[in-house]
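The values are calculated or read from the model by the stated rules, or taken from the named source; none is laboratory data. Here the structure is a predicted model, which is why all the values come from computation and not from measurement. Cβ coordinates were reconstructed from backbone atoms using ideal geometry, including for glycine residues, and neighbour counts include every protein chain displayed.
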Amino acid sequence: MNAIELLKEDHKKVKGYFEKVKATDEAGEQRELYRKIAEELEIHTHIEETVFYPYLIENGDEELSDLTKEGIEEHHEVKVLIREIANLSEESEKLEPKLTVLMENVEHHVQEEEGEMFPMCEEQLDSATLEDLGTQMEEEKGNFKPSARGASGK
Ligand SMILES: [Fe+2]
Ligand SMILES: [Fe+2]
């Protein structure tokens with residue numbers, strides 16, 4: 001599968017979870033959705049950081065390379081929030097605001113990828129390369145063992 005299509009499908013899936021979080025005030029349901037979001041984001045950032053991003057940093061022009069490096073830092077911020085949420089106590093009132101900030105950060109990041117990074121990729125990489133990167137990311141997904149950080153609270 002084409003790398004960009006694959007990544008956009010992941011984005012869509014996460015967006016679907018976000019909509020469900022926004023539609024509920026029930027903390028138990030929010031936690032359950034958070035676990036799904038955390039797992040989805042863990043695997044998604046992993047395949048981007050191990051396959052897609054290194055290729056762009058190496059082969060993209062300076063603008064694309066810089067944008068990709070920024071992307072890694074944005075992933076880092078998201079991972080910090082995921083860890084913080086995992087460590088909140090069951091009844092913590094911080095769950096909802098932290099989830100909101102997590103969603104805002106991810107939405108901003110996805111906008112940058114879909115609005116800037118991916119169009120640059122389509123200009124700078126040929127379709128065979130995008131196919132190949134997509135295949136590599138699918139393989140990496142298949143091999144990936146989630147840390148279940150969200151689920152275990154560790
Ligand atoms: Fe992404
Ligand atoms: Fe990303």
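Please go through the stretch 121-134 and pick out each residue that is closer than 15 Å to residue 54 by Cα and either touching a Leu at 6+ places or on another chain (Cβ under 9 Å) or among the basic types (Lys, Arg) (or both).
Initially, the stretch 121-134 is screened for residues closer than 15 Å to residue 54 by Cα, giving 121, 124-125, 129-130, 132-134.
Selection gives 121, 124, 125, 133, 134.
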Are there any pairs, at least 6 apart or on different chains, whose C-beta atoms fall under 6 Å, with the first in the stretch 108-133 and at pLDDT 95 or above and the second more than 10 Å from ligand 1 (Cβ to nearest atom) and assigned to a loop (DSSP other than H, G, I, E, B), and if so, which?
124/60; 130/2; 131/2
Might you let me know whether the stretch 43-62 holds any residue that is within 22 Å of residue 140 (Cβ to Cβ), out of contact with any Leu (no Cβ under 6 Å at 6 or more places or on another chain) and surrounded by fewer than 12 Cβ atoms within 10 Å (Cβ to Cβ)?
yes
Within the stretch 94-133, tally of residues that are polar (S, T, N, Q) and in contact with a Lys or Arg (Cβ under 9 Å, 6 or more places away or on another chain):
1
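Check whether at least one residue in the stretch 21-33 is among the hydroxyl-bearing types (Ser, Thr, Tyr) and more than 28 Å from residue 2 (Cα to Cα), and report yes or no.
Let us first name the residues in the stretch 21-33 that are among the hydroxyl-bearing types (Ser, Thr, Tyr), namely 24.
With the extra rule that they be more than 28 Å from residue 2 (Cα to Cα), the set shrinks to 24.
Yes.
Are there any helices (runs of 4 or more DSSP H) wholly within the stretch 1-88 with 3 or more residues that are closer than 15 Å to residue 105 by Cβ and without any contact (Cβ under 8 Å) to a residue 12 or more places away in the chain, and if so which?
Counting at least 3 such residues, we get 62-86.
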Being more than 16 Å from ligand 1 (Cβ to nearest atom) and at pLDDT below 95: is that true of residue 145 here?
yes
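Within the stretch 77-94, can one find any residue that is closer than 30 Å to residue 128 by Cα, within 14 Å of the chain's Cα centre (by Cα) and within 11 Å of ligand 1 (Cβ to nearest atom)?
Of all residues in the stretch 77-94, those closer than 30 Å to residue 128 by Cα come to none.
Checked the stretch 77-94: no residue is closer than 30 Å to residue 128 by Cα, within 14 Å of the chain's Cα centre (by Cα) and within 11 Å of ligand 1 (Cβ to nearest atom).
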Inspect all residues belonging to the stretch 111-126 and state whether any of them is within 11 Å of ligand 2 (Cβ to nearest atom), assigned to a helix (DSSP H, G or I) and in contact with a Ser or Thr (Cβ under 9 Å, 6 or more places away or on another chain).
yes
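Evaluate the following for residue 39: is it of a type outside the set (A, V, I, L, M, F, W, C) and within 16 Å of ligand 1 (Cβ to nearest atom)? Give the steps one after another, and end with the answer.
On the way: of a type outside the set (A, V, I, L, M, F, W, C): yes; within 16 Å of ligand 1 (Cβ to nearest atom): yes.
In short, yes.
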